[in-house]
1. Condition test on Arg38, is it free of Cβ contacts under 8 Å to residues at least 12 places away in the same chain and surrounded by 16 or more Cβ atoms within 10 Å (Cβ to Cβ)?
2. Being in contact with a strand residue (DSSP E or B) (Cβ under 7 Å, 6 or more places away or on another chain) and under 17 Å from Lys235 (Cα atoms) is the filter here; which residues of the range 207-219 pass it?
3. Report, by residue number, each residue of the range 298-341 that is in contact with a Lys or Arg (Cβ under 9 Å, 6 or more places away or on another chain) and hydroxyl-bearing (Ser, Thr, Tyr).
4. If you go through the range 269-303 one residue at a time, how many are open to solvent by less than 40 Å² (accessible area, probe 1.4 Å) and free of Cβ contacts under 8 Å to residues at least 24 places away in the same chain?
5. Counting just the residues of the range 12-26 that are within 11 Å of ligand 1 (Cβ to nearest atom) and at pLDDT 95 or above, which one comes out farthest from the chain's Cα centre (by Cα)?
Amino acid sequence: MSEPSAVQTPQAFPPRIFSGIQPSGGLTLGNYLGALKRFAQKQDEGIETIYCLVDMHAITVWQDPAKLRQQTREGAAAFIASGVDPARSVLFNQSQVSAHAELAWIFNCVARLGWMNRMTQFKDKAGKNAEAASLGLYAYPALMAADIMAYHATHVPVGEDQKQHLELTRDIAAKFNHDYGVEFFPIVEPLIEGAATRVMSLRDGTRKMSKSDPSDQSRINLTDDADAIAAKIRKAKTDAEPLPETLDGLKDRAEARNLVNIYAALAGMTAAEVVAENAGALFGTFKPKLADLAVSVMAPITTQMNRLMQDPAEIDRILGAGADRAEAIARPILDRVYDITGMIRSRR
Ligand code: AMP
Ligand code: TRP
């Protein structure tokens with residue numbers, strides 16, 4: 001056993017991307033545009049990419065075990081169908097790599113109650129009855145910080161709703177480094193980019209499109225067929241005004257703005273370009289155009305997901321192989337964390 005020479009660490013960290021999605025329900029167009037699509041782009045840019053189905057985050061609220069397994073496989077199929085290649089990215093489920101839970105405990109002892117009390121997602125999810133929420137739901141952001149830091153990841157692509165959690169990750173990393181007098185953890189950069197960092201509900205332009213919304217009409221699921229997608233877009237809440245000449249004209253029109261953003265993200269355009277191209281169009285014209293575009297982008301993904309789901313054993317094999325690769329990166333980092341914090345490691 002060597003003494004903690006581990007404390008000497010490099011000052012600069014090579015770029016490495018980590019992100020995660022909860023397998024807590026069917027995935028939505030929001031997950032695709034805000035996360036999955038961008039995960040594949042980062043991989044294609046040649047950066048090292050590690051992607052995780054965070055099943056341990058999912059159980060912070062009740063999950064039926066059989067459904068959780070199914071949703072984890074479906075999530076893996078969604079990653080692959082969206083262009084994440086398990087040969088080029090590390091793709092696995094969180095619970096298969098114990099480093100996440102181990103580092104989360106250390107971070108529970110670094111994070112302060114005052115910091116956790118400011119987390120708006122906890123307040124939203126716990127609702128009025130916070131007394132009945134699980135301790136895990138409260139500690140959730142420390143586990144998320146551990147997910148990222150167990151790999152010394154430097155960049156995290158996410159949707160807008162995760163910004164506060166990434167700020168907390170930075171605070172935890174900085175406090176650990178400061179308390180132990182090391183430069184061990186990188187200070188992570190959130191990557192919140194593109195036209196669809198916050199896709200809103202199709203029924204209410206002030207609420208996020210979410211897999212947990214009770215109304216199925218509020219979202220497009222990655223498992224919806226072409227007819228369902230078209231019907232949901234046709235029925236999406238809008239106003240009676242035509243599309244304006246410039247983006248400024250959408251300022252107080254949340255629902256209209258949302259459909260424009262979705263169009264832009266699906267087409268790979270900016271929202272300003274979409275408005276310029278469709279100025280004066282009524283929703284009777286714009287919605288069918290959007291529906292056609294959505295179907296043309298989503299249908300091949302849904303088809304591939306369905307095909308992959310025919311062979312759950314193959315998905316499990318991919319997740320297992322990904323977990324082996326993830327473990328190989330995280331274990332040496334955890335060993336050094338134990339050395340830095342004064343934990344004896346004397347097993348052979
Ligand atoms: P979750 O489904 O909460 O695990 O979120 C997984 C990823 O999808 C995170 O990066 C979220 O920020 C992103 N995401 C979820 N819902 C939306 C949405 N409505 N718009 C944009 N990104 C989203
Ligand atoms: N909290 C994220 C969400 O709900 C999921 C998540 C867990 C995550 N661990 C992560 C995202 C690490 C990015 C990095 O969307």
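1. no
2. If the condition is that a residue be in contact with a strand residue (DSSP E or B) (Cβ under 7 Å, 6 or more places away or on another chain) and under 17 Å from Lys235 (Cα atoms), then Arg207, Met209, Arg219 are the ones that fit.
3. Tyr338
4. Matching residues across the range 269-303 total 1.
5. The first filter runs over the range 12-26 and keeps only residues within 11 Å of ligand 1 (Cβ to nearest atom), leaving 19-26.
So of that shortlist, the ones also at pLDDT 95 or above come out as 19-23.
Details: Ser19: 6, Gly20: 5, Ile21: 4, Gln22: 7, Pro23: 10 Å.
This residue is Pro23.
Rundown of residues vs (1) assigned by TED's automatic domain parsing to the domain that holds Ala265; (2) hydrophobic (A, V, I, L, M, F, W, C); (3) closer than 25 Å to Thr270 by Cβ; (4) touching a residue at least 40 places away in the same chain (Cβ under 8 Å), yes/no style:
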{"site": "Gly205", "(1), (2), (3), (4)": "no, no, yes, yes"}
{"site": "Met209", "(1), (2), (3), (4)": "no, yes, yes, yes"}
{"site": "Leu222", "(1), (2), (3), (4)": "yes, yes, yes, yes"}
{"site": "Asp227", "(1), (2), (3), (4)": "yes, no, no, no"}
{"site": "Lys235", "(1), (2), (3), (4)": "yes, no, no, no"}
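Table: residues versus (1) modelled with pLDDT of 95 or more; (2) open to solvent by 70 Å² or more (accessible area, probe 1.4 Å).
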{"site": "Lys128", "(1), (2)": "no, yes"}
{"site": "Ala139", "(1), (2)": "yes, no"}
{"site": "Gln162", "(1), (2)": "yes, no"}
{"site": "Asp171", "(1), (2)": "yes, yes"}
{"site": "Ala174", "(1), (2)": "yes, no"}
{"site": "Ile187", "(1), (2)": "yes, yes"}
{"site": "Val199", "(1), (2)": "yes, no"}
{"site": "Asp213", "(1), (2)": "no, no"}
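The values are calculated or read from the model by the stated rules, or taken from the named source; none is laboratory data. Because the structure is a prediction, the values reported are computed rather than measured. Methodologically, a virtual Cβ is constructed for each residue, glycine included, from the backbone with ideal geometry; neighbour enumeration extends over all protein chains shown. In case anyone asks, the SASA skips ligands and DNA or RNA and just uses the protein heavy atoms, side chains included. Shrake-Rupley method; radii C 1.70, N 1.55, O 1.52, S 1.80 Å.
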